[in-house]
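A short write-up of the structure that comes next.
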Amino acid sequence: MVTFLTSSCRRYTDPPPYFEEQGDTTRPVARKVLLIGIDGAVGSEYKTIPPPALEAMKAHSKFSWDAVSDLSTTDAASWKTLMTGISYDRHQIQDSTFIYTQAADADEHGNIPHYPSLFSYILSSARSDMKTTFVSSWDNLLNRLVPEVEDKIQASDDAAVKDS
């Protein structure tokens with residue numbers, strides 16, 4: 001299980017932009033992004049049992065209680081949309097195989113679209129110090145959805161994901 005939390009009603013100011021000059025070796029305070037996804041979790045359920053660890057993170061987080069995904073009802077389609085920013089109408093991932101499903105009237109010899117995950121953009125940046133890690137108990141999520149992630153941790157179950 002990979003965890004993703006969609007939640008918010010509070011606005012936080014964004015830190016000021018940092019523009020690197022050519023040859024500049026100084027770095028601002030390290031920034032990190034932690035994306036937590038919890039399959040099947042909805043904001044209203046989270047509010048009934050606010051987990052202490054996640055509650056403690058909220059003070060320094062950006063979140064939304066009203067985020068919605070595509071109309072697609074599959075976990076795989078939602079994960080693909082989340083990781084790529086591409087809607088189901090375009091990526092056409094329907095099931096847990098994460099394999100593109102071609103429309104019946106499409107040219108079977110046509111190009112299969114490839115929509116890289118947000119991790120591709122991180123790894124292709126000019127910043128060589130950026131790292132990516134993905135923790136999940138779902139093998140296809142690790143190997144088919146985000147194959148470019150450098151440090152993939154396949155946990156045995158939800159508890160092991162949490163501990164990782």
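The values are calculated or read from the model by the stated rules, or taken from the named source; none is laboratory data. The structure presented is a predicted model; accordingly, all values stated were derived computationally and were not measured. Cβ: placed from backbone, ideal geometry, glycine included. Neighbour counts: every protein chain shown. Just so you know, the surface numbers come from the protein's heavy atoms only, side chains and all, with ligands and any DNA or RNA stripped out. Shrake-Rupley method; radii C 1.70, N 1.55, O 1.52, S 1.80 Å.
Considering only segment 1-12, I want to know if a residue exists there that is at pLDDT 65 or above and not in a helix (DSSP H, G or I). For segment 1-12, residues at pLDDT 65 or above and not in a helix (DSSP H, G or I): absent. Looking across segment 26-70, the residues that are modelled with pLDDT under 75, farther than 24 Å from Ser137 by Cβ and open to solvent by less than 80 Å² (accessible area, probe 1.4 Å) come down to Pro28, Ser64, Trp65.
How about segment 114-140: which of its residues are under 14 Å from Leu34 (Cβ atoms), open to solvent by less than 50 Å² (accessible area, probe 1.4 Å) and without any contact (Cβ under 8 Å) to a residue 60 or more places away in the chain? Answer for segment 114-140, where residues must be under 14 Å from Leu34 (Cβ atoms), open to solvent by less than 50 Å² (accessible area, probe 1.4 Å) and without any contact (Cβ under 8 Å) to a residue 60 or more places away in the chain: Phe119, Thr132. When you scan segment 89-101, do you find a residue that is modelled with pLDDT of 75 or more, open to solvent by 50 Å² or more (accessible area, probe 1.4 Å) and of a type in the set (A, V, I, L, M, F, W, C), even just one? Yes, segment 89-101 has at least one match. Looking only at residues in segment 141-164 that are open to solvent by less than 40 Å² (accessible area, probe 1.4 Å) and of a type outside the set (Val, Ile, Thr), the one that is farthest from Ala77 (Cα to Cα) is Ala160.
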